[in-house]
1. Has region 9-23 got any residue that is hydrophobic (A, V, I, L, M, F, W, C) and farther than 15 Å from Ala62 by Cβ?
2. Name, by its number, the condition in (1) open to solvent by 40 Å² or more (accessible area, probe 1.4 Å); (2) assigned to a helix (DSSP H, G or I) that does not hold for His19.
3. Looking only at region 1-16, how many residues end up being surrounded by fewer than 11 Cβ atoms within 10 Å (Cβ to Cβ) and assigned to a helix (DSSP H, G or I)?
4. Give me a count of the residues in region 22-50 that are surrounded by fewer than 15 Cβ atoms within 10 Å (Cβ to Cβ), touching a residue at least 12 places away in the same chain (Cβ under 8 Å) and part of a loop (DSSP other than H, G, I, E, B).
Amino acid sequence: MYSDIERKIFRIYFNTAIHGKSPSLKDLMRWTGKSEIEIRNTVNSLREKGFLVKDKDNNLIANRIKVK
């Protein structure tokens, strides 16, 4: 289950991927109002859960299908 910040960051990655780019740390901090540590911890949590994955260019993208 998502926490509120996980849901928000996942949606940001999902929506920015439509435009072919990945959000920067500063973008995530500005759009969520959270600190750098909170963002990093949440992104790591989403990666561990399989919701964010790296693409061929080594950018993080939202995984549409949860990986177990």
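1. Within region 9-23, the subset hydrophobic (A, V, I, L, M, F, W, C) is 9-10, 12, 14, 17-18.
Pick out the ones that are also farther than 15 Å from Ala62 by Cβ and you get none.
The answer is no, given that none of the residues of region 9-23 is hydrophobic (A, V, I, L, M, F, W, C) and farther than 15 Å from Ala62 by Cβ.
2. Condition (2) is where His19 drops out.
3. 1
4. Within region 22-50, residues that are surrounded by fewer than 15 Cβ atoms within 10 Å (Cβ to Cβ), touching a residue at least 12 places away in the same chain (Cβ under 8 Å) and part of a loop (DSSP other than H, G, I, E, B) number 1.
The values are calculated or read from the model by the stated rules, or taken from the named source; none is laboratory data. Since we're looking at a predicted model, the values are computed, not measured. Don't worry about glycine lacking a Cβ; one is built from the backbone with ideal geometry, like all the others, and counts go over all protein chains shown. Just so you know, the surface numbers come from the protein's heavy atoms only, side chains and all, with ligands and any DNA or RNA stripped out. Shrake-Rupley method; radii C 1.70, N 1.55, O 1.52, S 1.80 Å.
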